1. Compute the long axis of helix 30-46 from its Cα atoms, compare it with the longest principal axis of the Cα atoms of the chain, and write down the angle in degrees, 0 to 90, nearest 10.
2. Consider a paramagnetic label point 7 Å from the Cα of Tyr111 along Cα→Cβ; state which residues of the stretch 65-100 have an amide N under 16 Å from it.
3. Straight-line reach from Lys98: which aspartates and glutamates have a Cα under 15 Å away, not including same-chain ones fewer than 8 places off?
4. Mind checking the angle between helix 63-87 and the chain's longest principal axis? C-alpha axes, 0 to 90 degrees, to the nearest 10.
5. Can you find, among Val76, Ile39, Tyr111, the residue sitting farthest towards the positive end of the charge dipole of the stretch 6-123, where Lys and Arg contribute +1 and Asp and Glu -1 at Cβ?
6. Report, ordered by chain and residue number, the lysines lying within cross-link reach of Lys88, taken as a straight Cα distance under 17 Å and ignoring same-chain residues fewer than 8 apart.
7. Calculate for the chain the 222 nm mean residue ellipticity that helices alone would give, adding -39,500 (n - 2.57) per DSSP H run of length 4 or more and normalising by residue count, nearest 500 deg cm²/dmol.
8. Using +1 at the C-beta of Lys and Arg and -1 at the C-beta of Asp and Glu, which of Asn102, Thr4, Leu87 has the Cα lying farthest in the positive direction of the dipole of the stretch 1-115?
Amino acid sequence: MTDTTATIAQLRQIVEEFVDCRDWHPFHTPKNLAMSMAIEAAELMEHFQWLTAEQSRAVAGQPDRLGEVADEMADVLCYLLAMANELKLDLAAALEAKMVKNAKKYPVEAYRGRFGPNDPNKP
């Protein structure tokens, strides 16, 4: 499976089967899953703490470090997919709706290549 061949539905099914086989549904409340996702996101952040922007980009070329980062990213994704399963939420639809909101909130003409309309680097 790769990003170009896997669907969100397939990934959700992998997580669902893993959870179901272990009878973890009683523990997979939205609260517990949100907390677990935040904990895993913090573990991901640890890999980049104190690095410069350039050093953080260089992780892509460091197989051992990249593998550790991949594990943490996968943990975050697993909890996100488990939460979507529990809430019966369509992630693709949620993402699409959020991007529409983001496009209105951050119009290209005000934000292209900068943090916002008050960015001191604004041309």
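The numbers here are math on the coordinates, done by the rules we state, and not lab data. Computed from a predicted model, the values in this text were never measured in an experiment. As a convention, Cβ positions derive from the backbone with ideal geometry for all residues, glycine included, and neighbour counts pool all protein chains shown.
1. 50 degrees
2. Those under the cut-off are 95-100.
3. Leaving aside aspartates and glutamates fewer than 8 places away in the same chain, those within reach of Lys98 are Asp90.
4. For 63-87 against the chain, the angle is about 70 degrees.
5. Tyr111
6. Lys31
7. After summing the helix terms and dividing by the residues of the chain, the value is -21000 deg cm²/dmol.
8. Asn102
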